[in-house]
Amino acid sequence: MTEINTKTVQSFVAYLATGGRSTKTVEDVLLTLSSILRTAKSWDYACGNFSLTDITMPREGVKREQRCFTDEEVGKILAAAPEPFGTILAVTAVLGLRIGEVLALRLSDVDFVRKIVRVRQSLDAATRTQSEPTIRMGC
C-alpha cells in the first residue's frame, strides 16, 4: 500500500475510464480507495497517499460505443425464438425499436400500403403504463 500515490491513482483512473465506466463509477471507486487509505493510516499502517483534488477525472460523455448484434447473430436468435417472441424480436431488430415501443404497437400504427410503422407510444415494463417514446441514439 505504500506505493499508492497520485501518479499510480491517476493511472488507475485512466484504466477505469477506458473500460467504459461512467465518471460516477470512477468517483465512487476513488472515494472508496481514499476511505480505505484513511482507515489504514488511522490504524497506523504504512500506506501511500494521494489527494482527490490532484486527480484529473475522465470527461463526461466519452463512452464506448454500444455493441450491436451482427446479422448472423440476429438470425440465430430469431431461429431459436418461439412465437410470439420471434415476431417481437424480428420487429425490434428490423426497425431498431426498443422492446417497450414494440410492445405498445397497435394495428393502427402500421400502414401496410405505404409500408410505414408509426411509433406513437412506449410501454414501461415495470409499471405497464404507456408513455410517449423518447428519442435516443445507438445501434
Test of understanding: among Val94, Val113, which residue is of a type in the set (Val, Ile, Thr), modelled with pLDDT under 90 and either touching a His at 6+ places or on another chain (Cβ under 7 Å) or surrounded by fewer than 13 Cβ atoms within 10 Å (Cβ to Cβ) (or both)? Val94
Tell me whether the range 53-68 contains one or more residues that are closer than 26 Å to Arg118 by Cβ and either at pLDDT below 90 or among the β-branched types (Val, Ile, Thr) (or both). yes
Within the range 41-56, does at least one residue satisfy the condition of being open to solvent by less than 50 Å² (accessible area, probe 1.4 Å), of a type outside the set (Ser, Thr, Tyr) and without any contact (Cβ under 8 Å) to a residue 40 or more places away in the chain? no
Report yes if some residue within the range 40-55 is part of a helix (DSSP H, G or I) and under 14 Å from the mean Cα position of the chain (by Cα); otherwise report no. no
Evaluate the range 58-74: report whether one residue or more is surrounded by 14 or more Cβ atoms within 10 Å (Cβ to Cβ), in contact with a Ser or Thr (Cβ under 8 Å, 6 or more places away or on another chain) and assigned to a loop (DSSP other than H, G, I, E, B). yes
Would you confirm, using the coordinates I've provided, whether Lys7 is at pLDDT 85 or above and exposed (fewer than 15 other Cβ atoms within 10 Å of the Cβ)? yes
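The values are calculated or read from the model by the stated rules, or taken from the named source; none is laboratory data. Keep in mind it's a predicted model, so treat the numbers as computed, not measured. Cβ coordinates were reconstructed from backbone atoms using ideal geometry, including for glycine residues, and neighbour counts include every protein chain displayed. Ligands, DNA and RNA are stripped out before the accessible areas are found, and what is left, the full protein with its side chains, is counted by its heavy atoms. Shrake-Rupley method; radii C 1.70, N 1.55, O 1.52, S 1.80 Å.
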